[in-house]
Each structure stands twice: as C-alpha cells, then as structure tokens.
1. Tally up the residues in the stretch B:118-136 that are more than 8 Å from chain A (Cβ to nearest Cβ) and more than 17 Å from A:W36 (Cβ to Cβ), please.
2. Would you please name the residue that is modelled with the lowest pLDDT, looking only at residues in the stretch A:42-75 that are within 14 Å of another protein chain (Cβ to nearest Cβ) and out of contact with any helix residue (DSSP H, G or I) (no Cβ under 7 Å at 6 or more places or on another chain)?
3. Filter the stretch A:258-311 down to the residues that are outside any strand (DSSP E or B), within 14 Å of chain B (Cβ to nearest Cβ) and touching a residue at least 24 places away in the same chain (Cβ under 8 Å) and list them by number.
4. Could you tell me which of the residues B:F61, B:F67, B:F49, B:F96 is touching a strand residue (DSSP E or B) at 6+ places or on another chain (Cβ under 8 Å) and modelled with pLDDT under 95?
5. Test each condition in (1) under 29 Å from A:L21 (Cβ atoms); (2) acidic (D, E); (3) within 14 Å of chain B (Cβ to nearest Cβ) for A:D314 and report the one that comes out false.
6. With respect to A:Y121, is the statement that it is more than 21 Å from the chain's Cα centre (by Cα), of a type in the set (F, W, Y) and at negative phi true?
7. Give me the strands (runs of 3 or more DSSP E) completely within the stretch A:1-53, filtered to those with at least 1 residues that are aromatic (F, W, Y) and in contact (Cβ under 8 Å) with a residue 12 or more places away in the chain, ordered by residue number.
8. Only one of these conditions is not met by A:K242: (1) farther than 25 Å from A:A195 by Cβ; (2) in a loop (DSSP other than H, G, I, E, B); (3) within 14 Å of chain B (Cβ to nearest Cβ); (4) more than 17 Å from the chain's Cα centre (by Cα). Which number is it?
Amino acid sequence: MSKQTLIPVGPYHPLQEEPELFKLYCEGEIVKDVKWETGYNHRGIEKLAEKKSYEEVFFLVERICGICSTSHPFAFANSVEEIAEVEITDRAKYIRSIIGELERIHSHLLWVGLAGHFLGYNTVFMWAWKYREPVLDLFEMISGNRNSYAMFKVGGVRRDIQNHKIPAIEEVLSLVKKKTDMLVGAVMDDPVIHARTKGVGILSRQDILDFAAVGPTARASGVDIDVRRDDPYAAYPLVNWKVITAEAGDVFAKAQVRLLEMYESISIIEQCLAGLRKEKEGEIDVKVKYIPEGYGTGHAEAPRGEVFHFVLSDGSNSPARHKIRAPSYTNIATFKKSCVGQSISDATISLAAVDPCYCCTERLAVALDQHSGRRIMNAKEIISHSASITKQLLKQE
Amino acid sequence: MVLNELKTSFPDEILESTARSERRVTLRIDPAALLSMAEHLFKKLGFRFIIASAVHTKRGFEIYYHFSYDSTGLVLNLHVILNQEHPAIESLSNMFEATNWIEREMHELFGINFINHPNLEQLLSEGNWAIGEYPYRKKFKSNGEAQA
C-alpha cells in the first residue's frame, strides 16, 4: 500500500477565509479520504435564543449567516407564526418574498464569483461581485442596511417597501437580468470551465437522499425538492415560477441550477412588485399578543437550501428550546462522497460546489485559556492555535 | 394517505398522534420502534430526514426526529421520550449518513447515548469541553420548573 499524505485545508480556509479544517488524505494526487473538523467559532446561538425574547431572537438568528441573513429569520417567523396561528397580510407576504429572492440573487452571484476565483478564473469573480453590488444597494434603500436587514418580525415585517421605490427596484432587476445573461453565457459556454467542472465532484441521487442534502446541491442531482413549492409560505403560492433541476450531479450542474434560479428569482420579484402595487401601503403587520404553549416546525428555502427551525414555547416570552438546522450542516457532510477519488485540485472546487456556509454550520467550541483557565479565546490566540494545529499535523506526517 | 399506511403498519408502536394541520403531524412513538419506523419512512415511503431536535424537560430527554414528505409538504415529527438517568436510543446512522452528525451533537450537548453509532466522538468541541459535562442539560427544581 502506498503512503498517504495528509494535506490540511484550514483551519483558516485560504480561499473562503473562514475557519474550518478539512484533512485530505491523499495518495499521490488522488484524495482517498476526507475528515472534517469544526469548532473554531463559538457562538452558542441555540442556547442564547433561550435567554432572549421572541423579538430579540430575530436579530440573533439574523446574525447566524453573513450572506443570507434573512433565511434564518424567515424560518423562525414561520415556526413562531405556526405556534401562534397567525396569518400575515398579503403585503407582508410580498415583502418577505421580495427580500428572500433579492437575497438569493446576491448570494448566487457571490457563489458564482467565488467558484470562478477557485478555478483561477478571476474575471468571473470580478463581474459577479460587481453586479452583486447594485442588489446590496437596493437592500440599503429598502432597509437601511446592506446586510442584516432587520425586516422580519412575528406577524409581518418591520418596514414597508413604499410604492414609490418600486421603479428603482425594477431598474436594478433589469440590469441584473442583462448581466446574468452575460454571466450565463460566459460560464456555460466556456470550454475551460466545462473542463474543470464537468464530471467533477459528482453526487448521485442516492447520495443526496443518504446525506439529506438540500437546495441547489440536491436539485443538481435530480432531487426535485424546494420548500417554496412543496410547503408554500409567504407569497410563493401567489406567483408563478418553476423549480430548476439538473441531472448530472457534478459541479457544473450545481452552477447551472444556481445561475438559472436567478432568472426565476427575478421573475418572482417582478410579480411580487406587481402584487405590492395592488395592496394598500402600510398594512404590513398584524398584532400578536403572546406566543402560546406549543411547538412549531418552520422551514424556508434559503439560497443554499432548506433552513429548518424548531421552536418549543412554554408560554413565556422566550423560546424554551430553539433548534436550528442550516442547509450547510447537511450539505458539507457530502464531501465524503464528492471529494474522494478526485485529484487535489478538483477537491477544492468540489468543496466549494455546495456553497458551504461555515458560519451557519459552526455551532460550539470552548477553549481553555492556558494561563488563566478561562474558557475563551481572543483573536491572537485563535491564530496561534491555528498555527499550532498545522504544526501538529505536519509533525504527524 | 401515507399517515394511514404508517398507522396500519405500526398500530402498537404509535402511542399518540397529534396534528396541528394537514402538513404538521407529530407521532409519539415507543423508543424501541424508532429504527424500524425510520427505516419504513425513509426506504419504503420516501420520506426525507430533516434533522432531530433534542429537548431536556422534566419528563426526561425528548427527541423530535423531523421527517419531510416533500410531495405533499408534510413535516412529520417522530417524538420519543427517554428517561432522565440513562438516556439512550438506537442510532439511525447505520441506515443513512444523515443522522451521523446530529447524533454526535446530541450526544455531546445532552449526553444522550446513541447505541451502535459508528463513531460517537465529539463533533463540535474537540476535547475542549469537559467529558461528562453537558451544556444543554437543565436542572429541575422539585416542582418541575427549570432552574436558571
């Protein structure tokens, strides 16, 4: 048997700039096994949620993910409104879906850019991120923030999208549509991208079911699931759109699904804006006096797949238990299938293909301060800890 | 439809059935029947596993296994209650990969033992947390209220 070499990617991912450690066990150029280590980022959000009021939990869960910051409030609102049996107004439904879809557009653009960056195709990176900016500017116009929009609350939304702002949104949408055409052309017809992504990191239909993977990762392997259609919420049952799927299950299919989904998102937003025009301005929330005892299981389709929140209420002002499942939690585990048997250079794009969101997946880590015995870690210590782990790994070799 | 099928297949194992709506159903089941029911749901009826949520209450350690039947949007919760002293239940991770991490996480945070789990080592804290200390466990006063 030939000797296996350990190649660590992380603990600070050199390209994704997030804390995660993948250990690739290689024979020559071929990856034979992948192990994954987490725990570099302690936040304990599920526990924190038990100490906060329902209103405050929205701000907390919004900070789980720095990219798709509305997906967690969306699922949380769905689960709490299920407990309280609240039906929100149509205007609030439209606004929620508009925010959700604008976010999907900017998140998919971010991924396409990063995928290009991973492949060494930085022109795609520059383009995609350039045209992501106007979408973030829209968020600033709507909510005052480019990210963490604080739009959601139990019973509706916090801010209205006044009708006079609709033309500005439509203008950005038509720009994004044109630029998406350009990106789709650049990515789908490029022979280099084909060569680097086709037949790479394949996940079969059975793999998806076994790992319970969700979102574009599942849809690219022919598993036709989308919470927006299967268990409709917000304005999704009020508009026409279709779920994009592909069969190949490789990195190219995942890119294809994401790129084509952007067109659907644009179409959904356009229909929602038309819906907004028909509704009366200002009717954006219904009063919810209290959250009764019980539990709710709410989910929402985030850009990376289904976000699931389980909220248990004991009738008090805070959740008695709040369980959060981000899509990357199930998608990252598929690396065991997609990377093994690939060459090292293909493994990095296979790792990136599920659009992993580490801050969604990272849950808990406690480190003891060597000198004081306190359970903390500051930035300096994290860096030296990271360096010492790399040294240890090298020593094992 | 699928629920009726399930109820006829497991008449004695389902202890209680509650439905909030057509799309939200919870079945409290005998913990000993979990593996066979989950296998039936996943392999025969085509349910998708979402996640499992553990809760520590005065009744013991409760786990809700959330499954989704995507063609109708049904979210089915299999609810088991394990005892306070030695919470243990059969692992589902030999059947599919989907529960591998969450069972490790529940083991680490709540101290629930998953019997026959292929690799029940710590998932999140990598040895930085004291063994036998479970951060999500609660202490209950004699009247059953959770202590802060």
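The values are calculated or read from the model by the stated rules, or taken from the named source; none is laboratory data. The structure displayed is predicted, hence computed values, not measured ones. In this analysis, Cβ positions are derived from the backbone assuming ideal geometry, glycine residues included, and neighbour counts consider all displayed protein chains.
1. So in the stretch B:118-136, the residues more than 8 Å from chain A (Cβ to nearest Cβ) come out as B:118-122, B:127, B:130-134.
When the remaining residues are screened for being more than 17 Å from A:W36 (Cβ to Cβ), the result is B:130-134.
Counting residues in the stretch B:118-136 that are more than 8 Å from chain A (Cβ to nearest Cβ) and more than 17 Å from A:W36 (Cβ to Cβ) gives 5.
2. A:H42
3. We begin by selecting, within the stretch A:258-311, every residue outside any strand (DSSP E or B); these are A:258-284, A:286-293, A:303-304.
Still in the running and within 14 Å of chain B (Cβ to nearest Cβ): A:292-293.
Listed by number, the list holds a single entry, A:P292.
4. Going through B:F61, B:F67, B:F49, B:F96 in turn, just one is touching a strand residue (DSSP E or B) at 6+ places or on another chain (Cβ under 8 Å) and modelled with pLDDT under 95: B:F96.
5. If we test A:D314 against (1) under 29 Å from A:L21 (Cβ atoms); (2) acidic (D, E); (3) within 14 Å of chain B (Cβ to nearest Cβ), just (1) comes out false.
6. Working: more than 21 Å from the chain's Cα centre (by Cα): yes; of a type in the set (F, W, Y): yes; at negative phi: yes.
Judged against the criteria, A:Y121 is a match.
7. Values: elements: A:5-9, A:21-27, A:30-37.
Where strands (runs of 3 or more DSSP E) fall fully within the stretch A:1-53 and carry at least 1 residues being aromatic (F, W, Y) and in contact (Cβ under 8 Å) with a residue 12 or more places away in the chain, they are A:21-27, A:30-37.
8. The number of the failed condition is (3).
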